[in-house]
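> Sharing a structure below in structure tokens format, with a few things to ask.
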Amino acid sequence: MRRLATLGLLTMTLLALPALAADDVKIEKVIGTEYPGEYKHPACITELDNGDLFITYYGGGGEYEDESKVYGIRRVKGETTWSDPQLLADTPFRGEGNGIAWQAPDGLVWLFYVQRYGDTWSETRIKAKISEDGAKTWSDSMVLDFEMGTMVRGRPIVLNNGNYLLPVYH
């Protein structure tokens, strides 16, 4: 009976949380169909060390289109508008997706994304680029994992020894 009462209290608390936080939540449309293509897919937002917000997403004609590319948009700290999309990753005849921007403790901004080598996302490899100027310009791309079908969708974790662990899935 005590377990049931605890479960009931926990359930009521969880159901009340959205109502308690509703006044603190701001919903804002950042981008729509006006920028590149109608299709946009998983966005990742990160706050850079200088306070700017940086969103990465991929878009194009559709999820499995070869012309899908990774884009980034920025809202400078203290401003209310977002930049136009900046093309971050585009390889002719290959689709890119799942862009993740992450600023490492040393200040480098990493862009992790996947590139399709076939018709589906199960035929991808993880690639990366680095920015030394706060996600304004980017290095050439590098392949991080040659195993076909490996995907990325989350930011790295900094381990106690200072190494980075990039969560991937297959």
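The values are calculated or read from the model by the stated rules, or taken from the named source; none is laboratory data. Model, not experiment: these values are computed from the prediction. Don't worry about glycine lacking a Cβ; one is built from the backbone with ideal geometry, like all the others, and counts go over all protein chains shown. Accessible surface areas use protein heavy atoms only, side chains included; no ligands, DNA or RNA. Shrake-Rupley method; radii C 1.70, N 1.55, O 1.52, S 1.80 Å.
> Looking at the chain, which longest stretch skips every one of the trypsin sites (Lys or Arg not before Pro) that is in a DSSP loop with at most 13 other Cβ atoms within 10 Å, leaving the sites themselves out? Before the final figure, lay out each step's value.
Numbers: sites that count: Lys26, Lys29, Lys77, Lys136.
After excluding every exposed loop site, the longest remaining stretch is 78-135.
> May I pose another question? Let me know the shape class of region 124-170, please: from the alpha-carbon gyration tensor, a ≥ b ≥ c as square roots of the eigenvalues, rounded when a/c is under 1.5, otherwise prolate if a/b is greater than b/c, or oblate. Spell out each step's value before the answer.
Values: a/c = 2.24, a/b = 1.14, b/c = 1.97.
In terms of gyration-tensor shape, oblate.
> Which residue, Leu159, Leu144, Leu88, tops the fluctuation ranking in a GNM of the chain built on C-alpha contacts under 10 Å?
Leu159
> Count the lysine pairs in the chain whose Cα atoms sit under 25 Å apart, keeping only pairs 8 or more residues apart in sequence or on different chains.
17
> Grab the alpha carbons of region 86-165, take their convex hull, and tell me the volume per residue in Å³. Walk me through the numbers on the way to the answer.
On the way: hull volume 7.3 nm³, N = 80.
Per-residue hull volume (Cα only) is 91 Å³.
> What is region 19-95's relative contact order, in percent, from Cα pairs under 8 angstrom and six or more apart in sequence? The partial results should precede the final answer.
Working: 130 pairs, mean separation 17.3, N = 77.
Relative contact order, region 19-95: 22 percent.
> Quick one: among Thr56, Thr46, Thr80, which has the greatest mean-square fluctuation in a GNM of the chain with alpha-carbon springs under 10 angstrom?
Looking only at Thr56, Thr46, Thr80, the biggest GNM fluctuation is shown by Thr80.
> Let me have the relative contact order for the chain, percent, based on Cα pairs under 8 Å that are six or more residues apart. Mind dumping the intermediate values first?
Numbers: 347 pairs, mean separation 21.8, N = 170.
Relative contact order comes out at 13 percent.
> Convert each backbone phi in region 52-61 into a coupling constant with the Karplus relation 6.51 cos²θ - 1.76 cosθ + 1.60 (shift: θ = phi - 60°), then list the ³J(HN,Hα) values in order as whole Hz, x for Gly and Pro.
Working through the residues one at a time gives 5, 9, 10, 10, 10, 7, 10, x, x, x Hz.
> Of the accessible area of the chain, with the probe set at 1.4 angstrom, what percent is carbon plus sulfur?
Details: 5840 of 10390 Å².
The C+S portion of the solvent-accessible surface of the chain is 56 percent.
> Roll a 1.4 Å probe over the protein chains and send me the accessible area per residue for the chain in Å². Write down the numbers at each step before the final one.
Working: 10390 Å² over 170 residues.
Per residue, the chain has an accessible area of 61 Å².
> Leaving ligands, DNA and RNA out of it, work out the accessible area of Asp23 with a 1.4 Å probe and give it in Å² to the nearest 10.
150 Å²
> Sequence-distant or interchain residues sharing an amide H contact under 5 Å with Ala89, placed H: which?
For Ala89, whose amide H was placed from the backbone, the distant partners under 5 Å are Val70.
> Please find, in a Gaussian network model of the chain (springs between Cα atoms separated by less than 10 Å), the residue of Tyr113, Tyr35, Tyr71 whose mean-square fluctuation is greatest.
Maximum among the listed residues: Tyr35.
> Sorted from largest down, give the three principal axis spans of the alpha carbons of the chain, whole angstrom values.
Its Cα atoms span 61, 39, 39 Å along the three principal axes.
> For Asp24, what accessible area in Å² do you get when you roll a 1.4 Å probe over the heavy atoms of the protein chains, rounding to the nearest 10?
130 Å²
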